[in-house]
Each structure stands twice: as C-alpha cells, then as structure tokens.
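J.: One structure is given below, represented as structure tokens, and several questions about it will come after.
The values are calculated or read from the model by the stated rules, or taken from the named source; none is laboratory data. Please read all numbers here as calculations on a predicted model, not as lab measurements. All Cβ positions, glycine included, derive from the backbone under ideal geometry; neighbour counts span all protein chains shown. Note: accessible area is taken over every heavy atom of the protein model, side chains too, but ligands, DNA and RNA are not part of it. Shrake-Rupley method; radii C 1.70, N 1.55, O 1.52, S 1.80 Å.
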Amino acid sequence: MTPVRTMRTTRRTMTAGLVGAALALSLAAPARAGETPTAPATPETATASVTPATATASVTLTASVTPATPMTPVTATAPASSAGWQLTPTGTDVRFRGLAAVDRRTAWAAGSRGTVLRTTDAGRTWRNVSPPGGEGLELRDVEAFDARRAVVLAIGEGEASRLLRTEDGGATWTETFRNTDPRAFYDCVTFLDRRHGLALSDPVDGRFRVLATRDGGHSWHVLPDSGMPPALPGEAGFAASGQCLITADRGGNDVWFATGGAATARVFHSADRGRTWTVTDSPVPAGDPARGVFALAFRDRHHGLAVGGDYRTGQPSPRAAAVTADGGRTWTPAATPPPAYRSAAAWLPRAKGAALAVGPTGTDLTRDGGRTWRTVDTGSYDTVDCAPDGGCWASGEKGRVARLARH
C-alpha cells in the first residue's frame, strides 16, 4: 500500500551526499499502508525475547566528504581499512525504490517512470534497460538472479500492478502477470530460490492476497486464502522499498510480510512457501495509514529486523525498529531505535549482528542484532540491499544509487 491513496506513487526528499561519520561496521573480508507517501519538497511525488548477537571482526567506516549533487559521484576519504556510501552517476532523476544487489559489481535498480538500470562495473556506469513502453509504470521492486535475469514489479490498482521478466540483461522484457482485479494492489515480490517466488497484494475480501510462481516468474497464480488470517480494518502493506515481503538470506521455505495502517502493525509468517500463515503483533506503532512496519530483514529463519515508523516529514517515529530471535513469533522493541522513520534494512554479510537501516533522513547501523542503532550518514535513501559477497547498495530519490565502497 502507499499510505493514503493519493500517495501511492511517491516519496520524500532529503539531503544529498554523504556526511562525515564514524561507521564501526562488522565486515569480514508507502501505497495504502502500501501506498507511497508524497514528498512535499520533492519534484517527484510518489509506502521475543531476543538474545543479543555479538558482532565479529570490525572495520571502521569513515566518510568525510563534501556534499555533492545527486548525479555526482562522491569519493569518501578514509583509511585503507574503511568504507562508506559512494554515490554513483546514474544520469537520471527518478526515484529508485526497487534494488537488487547481485554482487559487488552487479546491481539492478527499478523506479518511477518505468525505469530500470543495471550496472556490471561497480556503478561506474549504469545502463538503462527499461521495459519499452513502460513509462507510465511505477516500479517498486526488483528481484535479480544474476546480471541477465531479473523480475520487476509495477504497483497500482487493477491493471497497474504487473510483473515483468528479462532473461537477457534487460534487452527484452516479457510481461508475465497483469492484475485484472480492481480490488487488488500489489506491493512487493520476493523469491525463495531461482524458481519459487511470491508477490503480495493488499487485502481482497478481508484477506491479503498472494501470488506464486514455480518457474522463476514466467507464470503466476493466486494462492488460496484459506490459510491466511483475516486482515484488520485499514491494514495493508507498504510499497516503499521492496521489503514488505521477504525471505531469509539463506533461503528455505520461510516467508514473512509486514503491515501497517491498522490499529496494530503486524508481521505474518509462512513456513510452507505461502500456503499457510500465522500472524504476530509488533511493537512498532501503527494506528494511522502513515504508520507501521515498512520493511523486514531476516539473516536466517530465526533472527529478524523490522523497521518503519511514520513516513510523513517531521512526524516523530518512536520505537521505529524491533527485533526477533524466534522467527517472528515474538518481537522486542529496539532499546535504542533509529531516530526517525526508516523504510528498509539489510544484514551485512559475514558480520553476525551487523545491519544497516535507511530512510529519507539517513543511514543507521546496528552491531548487536538490532538492539541498538546509531546514525552514521544523513544522505537520503529509500532502500538498501547486500549481496552474499559483501557488496552493499542503496538507492532513493533524484536518481541516487550508492555502493558501500571499501578503501
């Protein structure tokens, strides 16, 4: 969902460029509640009990730079063992809420005006591989299998919600699903492996709707909703970062999705690839179409993060993060949460307990599995993703795409 229907297609504006920050990282080597919030200052308007984890080998990240325009690459100055966000030149001003990190050199970004970009040289150049004739599509999620194969999701009511697939690096695209139910609004898509994937719609007839594919996104079918708990009044997902529906980093049969907009923000979990679901309340505040859990991240089937808050500029977002150590059966609020709304999160590969959360006002780091967070950068990003080889990427408004560069 994009909070408030008129906001389904937009989101926020913030400062450009990296700000000096000491990033102690552990590295080894909106749409209804699914509607997208509107960014008033942005030209483009657009949604347990936890045992603390111990971080391993640490690397200090410092980014002391001069702010640059969104289209200008930023070079962070730091010691040899440091790293920081480095903006890459995309040559566009669209907003990228969809992001897929394949590895340190390869990433895909999907955004407004039907735009899809791909890099295979660590962001030095980006190739526009947008689907022909897709200028009217709002692309909010991309799932990439490698440098050639990817699936993108377009959001919106009725036929605006679509899924497209490429097998040749974006040279050609095939539309593999177009929603024909005017009551459905698809927010996110995820894959458990190269063949099995799911896509999430806001509730239809009082229950969330889930699409499934068994052939890598070549075809899709609606799953029966008999195993889906009823939705609460006003409950929906947020199409803000492609992370309202996710799987664990290490694959398997587990899938989770997050909600907001209702009296309580909740997390749904399936252990059988979407056939049956359980649901748990989260401590992240809701009670308004603009509030709830916007993104989830699981490093395995037990340890997960939830981030969100209130996407409206200037509105407080207390308890904007929570953690679980039992697969989402119970959630505990972060002892020190991010200071503002965050729309996405990602675990840092090979760094137990370390993760990043991003939003329009900055990037936060946790080194203890999500119990405490601290802001390490004030650049504006909507989503973040990390590849198994340690390559991390972030993207957002005004064509901003950055990679975590190591020096």
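J.: For region 257-407, build the charge dipole from Cβ charges (+1 Lys, Arg; -1 Asp, Glu) around the Cα centre, then report which of G327, L404, S343 sits farthest towards its positive end.
T.: Result: L404, furthest along the dipole toward the positive end.
J.: While we're looking at this one, here's another question. Can you find, among S380, T366, A394, the residue sitting farthest towards the positive end of the charge dipole of region 365-407, where Lys and Arg contribute +1 and Asp and Glu -1 at Cβ?
T.: The one lying farthest along the dipole's positive direction is T366.
J.: Leaving out ligands and nucleic acids, and using a 1.4 Å probe, what accessible area per residue does region 190-306 come to in Å²?
T.: Dividing the accessible area of region 190-306 by its residue count gives 34 Å².
J.: Please state the shape class of region 352-399: rounded when a/c is under 1.5, otherwise prolate if a/b exceeds b/c and oblate if not, all from the C-alpha gyration tensor.
T.: Cα axes put region 352-399 in the oblate bin.
J.: What are the ³J(HN,Hα) values, in whole Hz, obtained from phi via the Karplus relation 6.51 cos²θ - 1.76 cosθ + 1.60 with θ = phi - 60°, for each residue of region 91-103 in sequence order, with x given for Gly and Pro?
T.: These are the phi-based 3J(HN,Hα) values: x, 9, 10, 6, 9, 9, 9, x, 8, 9, 8, 8, 6 Hz.
J.: Positive end of the dipole of region 98-162, charges at C-beta (+1 Lys, Arg; -1 Asp, Glu), about the Cα centre: which of L153, V129, G114 has its Cα farthest in that direction?
T.: V129
J.: Continuing with this model, one more query. Could you tell me which of rounded, prolate or oblate describes region 313-407, using a ≥ b ≥ c as the square roots of the eigenvalues of the alpha-carbon gyration tensor, with rounded for a/c under 1.5 and, failing that, prolate when a/b is larger than b/c and oblate otherwise?
T.: In terms of gyration-tensor shape, oblate.
J.: If the viscosity is 0.890 mPa s and the temperature 25 °C, what Stokes-Einstein diffusion coefficient in µm²/s follows for region 111-229 when Rh is the Kirkwood radius over Cα pairs?
T.: My calculation gives 168 µm²/s for D.
J.: For S226 and T278 in the same chain, what is the full-extension length gain: residue separation times 0.36 nm, less their Cα-Cα distance, in nm?
T.: Gain on extension, S226 to T278, equals 17.5 nm.
J.: Let me ask something additional. Kindly identify region 210-315 as rounded, prolate or oblate by the Cα gyration tensor criterion: order the square roots of the eigenvalues as a ≥ b ≥ c, call it rounded if a/c is under 1.5, otherwise compare a/b with b/c, prolate if a/b is larger, else oblate.
T.: prolate
J.: For R374 and D389 in the same chain, what is the full-extension length gain: residue separation times 0.36 nm, less their Cα-Cα distance, in nm?
T.: 2.9 nm
J.: Ok, one more. Over the heavy atoms of T332, what accessible area does a 1.4 Å probe trace out, to the nearest 10 Å²?
T.: Its accessible surface works out to 40 Å², give or take rounding.
J.: Ok, one more. Report ³J(HN,Hα) in whole Hz for each residue of region 213-218, in order, from the Karplus equation J = 6.51 cos²θ - 1.76 cosθ + 1.60 where θ = phi - 60°; Gly and Pro get x.
T.: Each residue of region 213-218 in turn: 10, 10, 10, x, x, 6 Hz.
J.: Test of understanding: what is the full-extension gain from D215 to R124, defined as 0.36 nm times their sequence separation minus their Cα-Cα distance?
T.: 29.5 nm
J.: Roughly how compact is region 107-164, stated as its Cα Rg over 2.2 N^0.38 Å to two decimals?
T.: In units of the 2.2 N^0.38 Å rule of thumb, it is 1.10.
J.: Ok, one more. So how strong a dipole does region 172-307 carry about its Cα centre when Lys and Arg Cβ are +1 and Asp and Glu Cβ are -1, to the nearest 20 debye?
T.: That gives a dipole near 240 debye.
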